[in-house]
Number of protein chains: 4
Amino acid sequence: MRSAKANRTYQKIIDASMRLFNKKGYYGTSISDIAQATHLTKGAIYFHFKNKDSLLKEILNEYERTFLDQLLGEVQDLRVGAMEKIKRMLRFTLNFPLRHRDLCLCLTILSAELYGSEPKYEQDLRRIYRKYHKFVAALIGEGKEEGSVREDIDPDLAALTIIDAHEGNLIQWMMNMKRFKGKDFAKSFMAFLLNAIRR
Amino acid sequence: MRSAKANRTYQKIIDASMRLFNKKGYYGTSISDIAQATHLTKGAIYFHFKNKDSLLKEILNEYERTFLDQLLGEVQDLRVGAMEKIKRMLRFTLNFPLRHRDLCLCLTILSAELYGSEPKYEQDLRRIYRKYHKFVAALIGEGKEEGSVREDIDPDLAALTIIDAHEGNLIQWMMNMKRFKGKDFAKSFMAFLLNAIRR
Amino acid sequence: MRSAKANRTYQKIIDASMRLFNKKGYYGTSISDIAQATHLTKGAIYFHFKNKDSLLKEILNEYERTFLDQLLGEVQDLRVGAMEKIKRMLRFTLNFPLRHRDLCLCLTILSAELYGSEPKYEQDLRRIYRKYHKFVAALIGEGKEEGSVREDIDPDLAALTIIDAHEGNLIQWMMNMKRFKGKDFAKSFMAFLLNAIRR
Amino acid sequence: MRSAKANRTYQKIIDASMRLFNKKGYYGTSISDIAQATHLTKGAIYFHFKNKDSLLKEILNEYERTFLDQLLGEVQDLRVGAMEKIKRMLRFTLNFPLRHRDLCLCLTILSAELYGSEPKYEQDLRRIYRKYHKFVAALIGEGKEEGSVREDIDPDLAALTIIDAHEGNLIQWMMNMKRFKGKDFAKSFMAFLLNAIRR
DNA sequence: AATGAATGAGAATTCATTCAT
DNA sequence: AATGAATGAATTCTCATTCAT
């Protein structure tokens, strides 16, 4: 059982790392950078994390816990129609970056930077995306059966497209942060997607 | 005026760099890697490129020339309706990665990896995206005037969404290359976007 | 506050650097050379010094502290005549290289090698020489007022000449180390200079 | 027999090299720098000079020819008293840098930078200085016999001191170029030296 | 007489990681 | 729980030199 102090330090390191990974990328961020940002020494960081990799994996885990598992928990077992679930899913997905900006950008950036680079990261990333994709595709499938989603939509490909769009959205949002407000962005985006699939 | 031999070597370096940046990211790729991949020495790379930065900038330039300028050239002055232009724009955009896979992925990866990291790249990236965005937004605007695009669509945000989606699409495509064919992906994606905006 | 161990290592690096700079010049000496000479790794050198430049600057500082400030401290406020001060100044100056051989040669070599090359060093070198020159010129001025120094001597130019002579002396001493003893050299040199200015 | 054009290029390279060695030192100057300064390619430089070493040696030779041999030729066989010869020697020596600034500084800088660094340069430098020293010492010896030079002067050490002073003088002159005029400098210096040895 | 492409060794510097304290 | 010193391998980049043309 870790002490409260240790826990605080641990989270401080995670938070600083996310911010730095967003700003400078994974390879662009050194342990020294993280040490400086947390007012700790490099040694201290190695006390809390086995190595740079494990820092990354913890961030991926945090994403899975706070985004994916949360999303599934909130939507999956609702006793409402499929289209309503889809709307809630989109709302959750689009609101998430507003509350967890760093975590969210971090995942997007890391997937672009690390995907393909080394199998050790690939596996984790793939697992997360598969889980996400499977869930979205299932919802769209339900929608088709229910008749609220257009017939010519392939659930697999549509799910992929929605996730893609959301990913790219984050990248563009990051690049245009000063020009558009997150709320407007999210609203326009949601309407856009609903138009696309709704019968 | 560069000699034919120099030109060949130059392009060989650019090509290998794109492939490597895609696979391992910009920071993850060393000049040594590029030297090995091209069967040249590190010194030879530095004969053709001032430094690693300029290698990157040349790739960005190449993207601007082969994708953006080409797209603008082909679509802008057509004597057809706005919706037809939008369709051609989407077709060009979606076909492009099939013919220029490395260049295209490279841009996506680099924008995610480098954006925000260092102002020197930011400027170039921003310039390219602005140009792209301005063009797409103008087309959608034309479509609204013409009456072929839904009235509740904001051209600026919709353009952004289309570009986003396309970006994210590439990331996902990269991660799912083995599961879906590029052609199917593109087709599904195009239908999706047209549904979203068409009146 | 640096630990005792760090201080020892720090000084070991400074000492080795001076010896190597004397033997091979600043540009001729690599960090690898210094690492080998100190039985440390290159990384360890960079732990103690930001870069090669700062190593150099520390040596210049050390010269200022151990030679110039010491000299000023010992001579400036003596309650004796100007000519006596001049003699003591010369004695101090001429004895200094016998006790601080490396430091002294190092300064001479670095000034010849680096002067004009890069403004970053120029500033420091100039500061040190100005301070030295100002002090010597003042002493000679006092001597003139006192009547013990020839009237046709211009303090500024004479000070410069004395400093020059001393500098050149070191270069030649270095080149003739085996032929002349430092003591004889210094003695002859002192007589020479006194003859030159004494009324 | 080299063509006129080749000779011109050759000299252009030598001149540029001297200027650059003065400004950035021997190790600080690259063949690329020289190529740029001469508007030639590196290859062209290697056509005229075997390597960087031989460039240096040619400069040392030029110094020996234009300074030393000239000085000996002008003074050695004069049918005048020793003190007069000494005066002429000093005048020649002190005027030389005014007419051959680059060559002169070059020698000083190279001796400081290279002496001790590598035997191959040491030899040449030592030869030149020995020849110079031998000549000056002989003159002072003659002066003593003639009775115009103080009895307590040791010719060997005095010669060394004069050469030293002149060397250091150049370094200081270089560092103070803007503050003192060469002419004044030389005059003050000559008076200084004559005072020192004259009976 | 000169160019331009390329080599290969070595330079400065960074950085993940270790470990005694 | 954390520090500070050190390692060693990798990285970007420079540079003297070569050689076919």
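The values are calculated or read from the model by the stated rules, or taken from the named source; none is laboratory data. Please read all numbers here as calculations on a predicted model, not as lab measurements. All Cβ positions, even for glycine, are placed from backbone atoms using ideal geometry, and neighbour counts span all protein chains on display.
State all residues of the range A:174-192 that are at the interface with chain B (Cβ under 8 Å from one of its Cβ atoms), among the hydrophobic types (A, V, I, L, M, F, W, C) and closer than 23 Å to B:D152 by Cα; if no residue qualifies, say none.
Our first condition is that a residue be at the interface with chain B (Cβ under 8 Å from one of its Cβ atoms); within the range A:174-192, this holds for A:174-176, A:180, A:184-185, A:188-189, A:191-192.
Still in the running and among the hydrophobic types (A, V, I, L, M, F, W, C): A:174-175, A:180, A:185, A:189, A:191-192.
Correct list: A:F180, A:F185, A:F189, A:A191, A:F192.
Restricting the first residue to the range C:25-45 and requiring it to be of a type in the set (G, A, S), which pairs with a second residue that is not in a loop (DSSP other than H, G, I, E, B) meet a Cβ separation below 6 Å and a spacing of at least six or different chains?
C:G25/C:E113; C:G25/D:E113; C:A35/C:K42; C:A35/C:I45; C:A37/C:A16
What residue, among those in the range C:80-118 that are under 21 Å from C:K134 (Cβ atoms) and charged (D, E, K, R), is surrounded by the most Cβ atoms within 10 Å (Cβ to Cβ)?
Out of the qualifying residues, it is C:K85.
Checking C:N195 against (1) surrounded by 21 or more Cβ atoms within 10 Å (Cβ to Cβ); (2) facing another protein chain (nearest Cβ under 7 Å); (3) not acidic (D, E), which test does it fail?
Tallying (1) surrounded by 21 or more Cβ atoms within 10 Å (Cβ to Cβ); (2) facing another protein chain (nearest Cβ under 7 Å); (3) not acidic (D, E), C:N195 fails exactly one: (1).
If I go through the range C:71-88 residue by residue, how many of them are touching a Phe, Trp or Tyr at 6+ places or on another chain (Cβ under 8 Å) and of a type outside the set (D, E)?
Here is the first cut: in the range C:71-88, the ones touching a Phe, Trp or Tyr at 6+ places or on another chain (Cβ under 8 Å) are C:71-72, C:74-76.
From the residues that got through so far, the ones that are of a type outside the set (D, E) too are C:71-72, C:75-76.
Of the residues in that region, 4 qualify.
Could you tell me which of the residues A:E151, A:E145 is surrounded by fewer than 16 Cβ atoms within 10 Å (Cβ to Cβ), more than 7 Å from every other protein chain (Cβ to nearest Cβ) and not in a helix (DSSP H, G or I)?
Details: A:E145 fails: not in a helix (DSSP H, G or I).
Selected residue: A:E151, the only one of A:E151, A:E145 that is surrounded by fewer than 16 Cβ atoms within 10 Å (Cβ to Cβ), more than 7 Å from every other protein chain (Cβ to nearest Cβ) and not in a helix (DSSP H, G or I).
If D:I171 satisfies every condition in (1) without any contact (Cβ under 8 Å) to a residue 12 or more places away in the chain; (2) facing chain C (nearest Cβ under 10 Å) but one, which is the exception?
(1)
Might you check whether a residue that is outside any helix (DSSP H, G or I) and either closer than 24 Å to B:E113 by Cβ or acidic (D, E) (or both) occurs anywhere in the range A:155-171?
Going through the range A:155-171, the residues outside any helix (DSSP H, G or I) turn out to be none.
No, that holds for no residue.
Filter the range C:172-199 down to the residues that are modelled with pLDDT of 80 or more and not in a helix (DSSP H, G or I) and list them by number.
Result: C:R198, single match.
More than 23 Å from A:G25 (Cα to Cα), more than 11 Å from chain A (Cβ to nearest Cβ), part of a helix (DSSP H, G or I) and aromatic (F, W, Y) - does that describe any residue in the range B:120-132? Give the steps one after another, and end with the answer.
At the first step, the residues of the range B:120-132 found to be more than 23 Å from A:G25 (Cα to Cα) are B:131-132.
Filter once more, keeping what is more than 11 Å from chain A (Cβ to nearest Cβ): B:131.
Then drop every residue that is not part of a helix (DSSP H, G or I), which leaves B:131.
Now narrow it down to the ones that are aromatic (F, W, Y): none.
Scanning the range B:120-132 turns up no residue that is more than 23 Å from A:G25 (Cα to Cα), more than 11 Å from chain A (Cβ to nearest Cβ), part of a helix (DSSP H, G or I) and aromatic (F, W, Y).
When B:S117 is evaluated against the numbered criteria (1) more than 13 Å from the chain's Cα centre (by Cα); (2) farther than 22 Å from B:R19 by Cα; (3) modelled with pLDDT under 90, which criterion, by number, is the only one it fails?
(2) is the only condition that B:S117 fails.
Return the only residue of A:T29, A:T108 being touching a helix residue (DSSP H, G or I) at 6+ places or on another chain (Cβ under 6 Å) and within 16 Å of DNA strand E (Cβ to nearest atom). Steps first, please.
Numbers: A:T108 fails: within 16 Å of DNA strand E (Cβ to nearest atom).
Going through A:T29, A:T108 in turn, the sole match is A:T29.
Restricting to the range D:1-14, and then to whatever is hydrophobic (A, V, I, L, M, F, W, C) and within 11 Å of DNA strand E (Cβ to nearest atom), can you tell me which residue is surrounded by the fewest Cβ atoms within 10 Å (Cβ to Cβ)? Full working, then the answer.
Within the range D:1-14, the subset hydrophobic (A, V, I, L, M, F, W, C) is D:1, D:4, D:6, D:13-14.
Next, only the ones that are within 11 Å of DNA strand E (Cβ to nearest atom) stay: D:1, D:4, D:6, D:13.
Details: D:M1: 4, D:A4: 7, D:A6: 12, D:I13: 22.
Out of the qualifying residues, it is D:M1.
Say whether the condition of being of a type outside the set (V, I, T), more than 16 Å from DNA strand F (Cβ to nearest atom) and more than 23 Å from D:H166 (Cβ to Cβ) is met by at least one residue in the range C:41-57.
yes
Out of all the residues in the range B:15-39, which are more than 13 Å from DNA strand F (Cβ to nearest atom) and either of a type in the set (D, E) or buried (at least 21 other Cβ atoms within 10 Å of the Cβ) (or both)?
Listed by number, the residues that qualify are B:D15, B:A16, B:M18, B:N22.
For the range B:14-116, list the helices (runs of 4 or more DSSP H) that sit wholly inside it and hold at least 1 residues that are charged (D, E, K, R) and within 14 Å of chain A (Cβ to nearest Cβ); which are they? Working first, answer last.
Details: elements: B:31-38, B:42-48, B:52-63, B:70-75, B:82-99, B:101-114.
The qualifying helices (runs of 4 or more DSSP H) are B:31-38, B:52-63, B:101-114.
Which condition number in (1) modelled with pLDDT under 95; (2) within 12 Å of DNA strand E (Cβ to nearest atom) is the one that D:K57 fails?
The one condition D:K57 does not meet is (2).
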